[in-house]
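Just so it is clear, none of the values below were taken in a lab; they were calculated from the coordinates. All of these numbers come straight from a predicted model, not from anything done at the bench. Reconstructed Cβ throughout: ideal geometry from the backbone, glycine too, with neighbour counts over all protein chains shown.
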Amino acid sequence: MKRLFLPSHALSFFKSPKASINPLMLSVLRSLLGQRRMYRRMSGGKIAVIIKLLLFSMASCRARSVPIRVLLKTVSPSSSSLCKAHTYTSESEEGFITQTHIGSAVKAKSNETFADVMVSNGNLYVFSPTTYTKKVRGKSFTITGKDNHLYLEGKPYTGSITFLLTENNTLQIINTLDLEDYIYSVIPLESFQSWPTEMHKVQAVVSRTYALHHIFNARKRNKSYDIQNRNFHQTYDGHHSFHHIRDAVDATKNLIISHTDNKPILAMFDGCCGGIVPAYMKDLDFKKAPYLARKKRCTHCKNYSLYRWSCDIPLADVEHRLRRHSALKKNMATIGILKDVCILEKDKAGVIHRVHIKGSRKNFICSGKKLRDSMKGKMWSQSFSLRKHGSTLRISGNGFGHQTGLCQRGAYALHKNNGWDFKKILHFYYPGTQFSFLKRRNSRKA
Ligand SMILES: [Zn+2]
């Protein structure tokens, strides 16, 4: 198995790993080595015991994992919550460590269990029940629970929360936490907590690889965060209490999927591929991501309800939805009454790229993606057919999502029916890939 080392631009963000020797072992060693007499009289056996203790102690050093910065919220300058004063309440049972980010960072500890961060007129303020409101020097402020846990707006988080006012006066709220804790938190939202451990292993490796891919890109571009907390990237909503998922995260710790360049792949994943062959998709750059060009069809997801789906929508409803789409409003204003929607361009995989919107006065061409976006909750993928019946449009399709990379329902069936383990499943859905072991320089093998 190959080792993947983080490049220097990625490492520059990381704090140096602190290897802390097990304190119990340290005290035993001190007591043994501190006594000169005993040292002189020590036999070879005793020395061997000490060496063993030292090795055991070093093995218990816990090198810090990679931190990930997750964007929880963006508040634009035009938003009323940024124009007027808005307060974000945080709670921590053990108190807080606060930190401003100017010059040499100013750190302060507090035993208060509440701390409020207020944003007003482009400034940050902090106050707690027993202290006066304090203006933060600079445009950034970080708060961490002393026990590494805190609640923000009632949601539990590990790690720290940073409030950052960017140059264009936009507020970003960013949670920085250990990558492994992040993976643990993501799994129940991107998969199903009731699924077997082997499936959690599949999701852990995929989500870790996906996250690391974004960490590399974000730090190359000097971004203030690595990944967003919503479905656009991976859904993240803070800590949870499905403890059994930790086993799958620990069992695959630091394991990622890589390609020939030994970097984490863009590990796309989705609910159900609907049986399409991604290698025939038109829009994907397979030169950059050859591992997404799977040629073997997955029909293992065929028992899932959205493998094939259809719905009948009155044309008047379709028209109403298209008019509400911000990018289609202008064209929709000129067409008169919607008469029909027809497919104009479909790739070999069955993905629709362009449709013809036909009105009583005018027609226009719209992308398949925009049509799908307009039909949220009715259309489940961009692989569909259209047929008009009187004043109703029948939309039939297959699959759920972008239908690329891992098919979660297919993977579940492959494990349940064929007994495949997580590695075999991942090799099937990301052909030509290998597994690598993430290892930070200066840290021991995890
Ligand atoms: Zn599938």
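Of note:
- When peptides 190-197, 422-429 are sorted by average Cβ neighbour count within 10 Å, with the highest value leading, the order is 422-429, 190-197.
- Separation of the residue 251 and residue 192 label points, Cα + 7 Å toward Cβ, nm: 1.8 nm
- Residues of the stretch 248-286 with amide N under 16 Å of a point placed 7 Å along Cα→Cβ from residue 427: 256-260
- Look at the Cα gyration tensor of the stretch 254-298: its axes a ≥ b ≥ c give a/c of at least 1.5 with a/b at or below b/c, and that counts as oblate.
- Alpha carbon Rg of the stretch 309-397, scaled by the compact-globule rule 2.2 N^0.38 Å: 0.98
- If R0 equals 25 Å, the separation of the Cβ atoms of residue 361 and residue 326 corresponds to a calculated FRET efficiency of about 0.70.
- Those aspartates and glutamates that a straight Cα-Cα span of less than 18 Å connects to residue 388, excepting residues fewer than 8 apart in one chain: 312, 317, 319, 340, 345
- Along the axis of the charge dipole computed for the stretch 349-418 (Cβ charges of +1 for Lys and Arg, -1 for Asp and Glu, origin at the Cα centre), the listed residues 404, 351, 393 are led at the positive end by 393.
- Where Rh is the Kirkwood radius over Cα pairs, Rg/Rh for the stretch 143-232: 1.00
- Among the trypsin sites (Lys or Arg not before Pro) found in the stretch 153-228, those both in a DSSP coil and sparsely packed, with 15 or fewer other Cβ atoms within 10 Å of their Cβ, are 221, 223.
- Signed unit charges on C-beta, dipole axis of the stretch 191-257, positive-most listed residue 225, 251, 197: 225
- When each of 201/369; 253/439; 263/416; 295/346; 263/287 is checked by Cα-Cα distance, pairs over 21 Å: 201/369; 263/416
- Length added when fully stretched, residue 89-residue 232, from 0.36 nm per residue minus Cα-Cα: 48.8 nm
- Working from Cα pairs under 8 Å separated by at least six residues, relative contact order for the stretch 309-397 is 33 percent.
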